[in-house]
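Asker: Sharing a structure here in structure tokens format.
The values are calculated or read from the model by the stated rules, or taken from the named source; none is laboratory data. Predicted model only: the values in this text are computed from it and were never measured. Cβ sites come from the backbone with ideal geometry, for glycine too, and all protein chains shown count toward neighbours. Surface areas here come from the heavy atoms of the whole protein model, side chains and all, with no ligands, DNA or RNA. Shrake-Rupley method; radii C 1.70, N 1.55, O 1.52, S 1.80 Å.
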Number of protein chains: 2
Amino acid sequence: MTLALDAAAQDLLFREAHTANTFTDEPVTDEQIQAVYDLIKLAPTAFNQSPLRIVLVRSEEARARLVPLMAEGNQPKTAAAPLVAILAADNEFHAELPTLFPHFPQAKDLFFSERPVREQAAAMNATLQAAYFILGLRAAGLAAGPMTGFDFAAVQKEFLDGDHSPLMIINIGKPGEGAFHPRSPRLSFEQAVTTV
Amino acid sequence: MTLALDAAAQDLLFREAHTANTFTDEPVTDEQIQAVYDLIKLAPTAFNQSPLRIVLVRSEEARARLVPLMAEGNQPKTAAAPLVAILAADNEFHAELPTLFPHFPQAKDLFFSERPVREQAAAMNATLQAAYFILGLRAAGLAAGPMTGFDFAAVQKEFLDGDHSPLMIINIGKPGEGAFHPRSPRLSFEQAVTTV
């Protein structure tokens, strides 16, 4: 009642959605991922930085390079998922700022001339976009299995370059048999929110 | 067509939603924020860490302490918004892990015994939750104005403690006259997504 979002959408995105640990064989198409991206690209980042970069691991060759870089417990999931995406932060996002933030193109040099500042901004804003992407996958009727259990340096070396820092890797597909663990408890409103 | 999420929900959360820079006088109630929190708390974090903490700035006294800590361009918005929320990452989230991640309570000590590791995990996972919260506000028919332009050290000292690191501050309310800037360009699918 308090929410404007309809109940079916609440269920799809939050209440009935879970991190998936197994998947069916149904493929995930580029059209699906593009529809997700074209929706979630609209959600906000600071200065419209939009630093999220996504590598879709589609070929058998690339999958074979990725799986051994995952933590052991994640390897079977990443080997079996219909699609795997490497999410990364572009530490050189500022090159696009004159286009992305046209009413204040000076931001590129005024605020983001130093690499450590950019790395921090890129990590934060790409992480916001990673969250939008996870919900966007759910919006496409897909299940996501986000993981940070992998060799970050090796994934960067093997799949990215020095300007792109890995954030997480997501298994993507339709949930398979036994895909979901029971939901763990969450902190209550009173535990997480205070008023001053 | 490619998305399972209905068009009205797509519009509410993404396509017609914008960062708001002005607000009406309509109050934002605790019930609304609780409904938002109770929805978005379900979205995933690593190890169910759930490190996001929210301080709702409701009293005039607290607002008067906060406004001068904002960047000059943000001060009028933060002074005028019906509600302002300080979002922070709890660097001691691991204390709750035995409850939040009951099937592997050892995670608390195995993975998160060191403060720098916790700080990085808290920042990342609270940022994911900040993105969920922004979309959750939109799900409640509210507009969000997230900002990182403020004195982080001063906000931490004035409103938080050493264990809570500020992430962003969000103005919350119904959009007022001229609330929205025109949407800036986004990177295309081809610019942001590659396939291997």
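Asker: So is A:Leu110 assigned to a helix (DSSP H, G or I), open to solvent by 10 Å² or more (accessible area, probe 1.4 Å) and within 22 Å of B:Ser184 (Cα to Cα) or not?
Answerer: Against the criterion (assigned to a helix (DSSP H, G or I), open to solvent by 10 Å² or more (accessible area, probe 1.4 Å) and within 22 Å of B:Ser184 (Cα to Cα)), A:Leu110 qualifies.
Asker: Right, B:Ala46: within 20 Å of B:Ala126 (Cβ to Cβ), in contact with a Gly (Cβ under 9 Å, 6 or more places away or on another chain) and surrounded by fewer than 21 Cβ atoms within 10 Å (Cβ to Cβ) or not? Quick ask: steps written out before the conclusion?
Answerer: Values: within 20 Å of B:Ala126 (Cβ to Cβ): yes; in contact with a Gly (Cβ under 9 Å, 6 or more places away or on another chain): yes; surrounded by fewer than 21 Cβ atoms within 10 Å (Cβ to Cβ): yes.
Here the answer is yes, as B:Ala46 does meet what is asked.
Asker: Would you mind telling me which numbered condition in (1) more than 10 Å from chain B (Cβ to nearest Cβ); (2) at pLDDT 95 or above A:Pro105 fails?
Answerer: (2)
Asker: Here is a follow-up. If you go through segment A:95-103 one residue at a time, do you hit one that is open to solvent by less than 20 Å² (accessible area, probe 1.4 Å) and closer than 25 Å to A:Val155 by Cα?
Answerer: no
Asker: While we're here: Can you tell me which residue within segment A:145-196, out of those that are closer than 29 Å to B:Asp161 by Cα and among the small types (Gly, Ala, Ser), is farthest from the other protein chains (Cβ to nearest Cβ)?
Answerer: If we take residues in segment A:145-196 being closer than 29 Å to B:Asp161 by Cα and among the small types (Gly, Ala, Ser), then A:Ser188 is farthest from the other protein chains (Cβ to nearest Cβ).
Asker: A:Glu72 fails exactly one of the following numbered conditions: (1) modelled with pLDDT of 95 or more; (2) surrounded by 19 or more Cβ atoms within 10 Å (Cβ to Cβ); (3) not hydroxyl-bearing (Ser, Thr, Tyr). What is the number of that condition?
Answerer: Answer for A:Glu72: the failing condition is (2).
Asker: From the residues in segment A:116-144 that are more than 12 Å from the chain's Cα centre (by Cα) and outside any helix (DSSP H, G or I), which one is farthest from the other protein chains (Cβ to nearest Cβ)?
Answerer: Checking each candidate, the answer is A:Ala143.
Asker: crowded, with 17+ Cβ neighbours inside 10 Å, among the charged types (D, E, K, R) and assigned to a helix (DSSP H, G or I): does that describe B:Asp38? Spell out the reasoning first.
Answerer: Values: crowded, with 17+ Cβ neighbours inside 10 Å: yes; among the charged types (D, E, K, R): yes; assigned to a helix (DSSP H, G or I): yes.
So B:Asp38 passes the test.
Asker: Check A:Thr45, A:Thr78, A:Thr24 and return the single one that is under 14 Å from A:Asn171 (Cα atoms), touching a helix residue (DSSP H, G or I) at 6+ places or on another chain (Cβ under 9 Å) and more than 8 Å from chain B (Cβ to nearest Cβ).
Answerer: It is A:Thr78.
Asker: Six or more apart or on different chains, Cβ atoms under 7 Å: show the pairs whose first residue is in segment B:176-190 and more than 12 Å from A:Asn48 (Cα to Cα) and whose second is of a type outside the set (A, V, I, L, M, F, W, C) and not in a loop (DSSP other than H, G, I, E, B).
Answerer: Once the first residue is more than 12 Å from A:Asn48 (Cα to Cα) and sits in segment B:176-190, its partners that are of a type outside the set (A, V, I, L, M, F, W, C) and not in a loop (DSSP other than H, G, I, E, B) give B:Phe189/A:Gln34; B:Phe189/A:Tyr37; B:Phe189/A:Asp38.
Asker: Given the criterion of a type outside the set (A, V, I, L, M, F, W, C), more than 7 Å from chain A (Cβ to nearest Cβ) and surrounded by 22 or more Cβ atoms within 10 Å (Cβ to Cβ), identify the matching residue among B:Asp11, B:Asp30, B:Asp90.
Answerer: Within the list B:Asp11, B:Asp30, B:Asp90, the selection yields B:Asp90.
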